[in-house]
1. Can you tell me which residues in the stretch 86-142 are at pLDDT 95 or above and in contact with a Ser or Thr (Cβ under 6 Å, 6 or more places away or on another chain)?
2. Tell me which helices (runs of 4 or more DSSP H) are completely within the stretch 1-119 and hold 2 or more residues being surrounded by 19 or more Cβ atoms within 10 Å (Cβ to Cβ) and of a type in the set (Gly, Ala, Ser), or say none if there are none.
3. For the stretch 125-139, how many residues meet the condition of being surrounded by 13 or more Cβ atoms within 10 Å (Cβ to Cβ) and part of a helix (DSSP H, G or I)?
4. Is at least one residue of the stretch 88-96 acidic (Asp, Glu) and closer than 21 Å to Leu175 by Cα?
5. Looking for something farther than 22 Å from Ala218 by Cβ and either over 14 Å from the mean Cα position of the chain (by Cα) or not hydrophobic (A, V, I, L, M, F, W, C) (or both) - is there at least one such residue anywhere in the stretch 17-39?
6. Between Thr88, Thr126, which is more than 15 Å from the chain's Cα centre (by Cα) and among the polar types (S, T, N, Q)?
7. So Ser120 fits all but one of (1) out of contact with any Cys (no Cβ under 6 Å at 6 or more places or on another chain); (2) polar (S, T, N, Q); (3) closer than 30 Å to Ala218 by Cβ; what number is the exception?
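The values are calculated or read from the model by the stated rules, or taken from the named source; none is laboratory data. Computed from a prediction, not measured in an experiment: that's the story for all the values here. Every residue, glycine among them, receives a Cβ derived from its backbone with ideal geometry; neighbour counts consider all protein chains shown.
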Amino acid sequence: MVKEQIPILVALDVSEARVAIELAKAVEPHVGGFKVGLELLTGPGPTTIAALSELGLPVFVDAKLHDIPHTVNRAARNLGALGARWVTAHALGGTDMLAAAVSGLAEGSGGHQSGIVAISVLTSSTGADLAATGINGSPGRQVARLSRVAAEAGVEGVVCSVKELGDVAQVAPDLLKVTPGIRSAEDDRDDQARVASASEAVRRGADWLVIGRPITRADDPVAAAASLAAEVRRSAE
């Protein structure tokens, strides 16, 4: 029997591989995949990817690659060889860098399905944050600019907040849309600036929802994951 695909990638933002794998096994019936971020990559290391991929769900490696094309190509290739289904790279790196990531990941994956997902504007950033770095315009305008760059480079998707899903759909409708910053009205925003609920994300057209602390810091992570999965199903009907 084929498992129903639930478009939730649970962000395993913990410091120990053992904790990450135990948590992944516990919530696996209620999610569609796992996110490995910088905390795991710089702690236990990239081999955590291989361990998680053995659970049978896709692994989203949020490496946020941003370097010269050659270096990014090699890094993406290594992550693909470990079993990454998706790898993130900053769209600000430009078309050549993103294209190098795409080719590196494909080579490392050895024919297995894989794709680069371009980071547009972090969900912790505001318009004032962008202006302070010399980027004029709203987050939505910048997301649209970077989505065009990403599409030209041949990536599979883009990461954006729920608020900018419409901007991506207008300029690059074929890109997979991945949305972090998922919070309910009762949740703390933590360090996120542009947030939305899981149901709003689905209604606005998100393909995948990256959800971390609302699950991993809940008193009962399994119950929290199940509740979010039910919310996503209702919103998709």
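1. Selection gives Ala91, Leu105, Val117, Ile119.
2. Once the helices (runs of 4 or more DSSP H) in the stretch 1-119 are filtered for at least 2 residues that are surrounded by 19 or more Cβ atoms within 10 Å (Cβ to Cβ) and of a type in the set (Gly, Ala, Ser), what remains is 17-27, 69-81, 95-109.
3. Residues meeting the conditions: 4.
4. Among the residues of the stretch 88-96, at least one is acidic (Asp, Glu) and closer than 21 Å to Leu175 by Cα, which makes the answer yes.
5. Scanning the stretch 17-39 turns up no residue that is farther than 22 Å from Ala218 by Cβ and either over 14 Å from the mean Cα position of the chain (by Cα) or not hydrophobic (A, V, I, L, M, F, W, C) (or both).
6. From the options Thr88, Thr126, the qualifying one is Thr126.
7. Of (1) out of contact with any Cys (no Cβ under 6 Å at 6 or more places or on another chain); (2) polar (S, T, N, Q); (3) closer than 30 Å to Ala218 by Cβ, only one is false for Ser120: (1).
Residues checked against (1) modelled with pLDDT under 95; (2) surrounded by fewer than 21 Cβ atoms within 10 Å (Cβ to Cβ):
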| position | (1), (2) |
| --- | --- |
| Glu152 | no, yes |
| Leu176 | no, yes |
| Ser184 | yes, yes |
| Asp188 | yes, yes |
| Ala193 | yes, yes |
| Ser197 | yes, yes |
| Ile211 | no, no |
| Pro221 | no, yes |
| Ser235 | yes, yes |
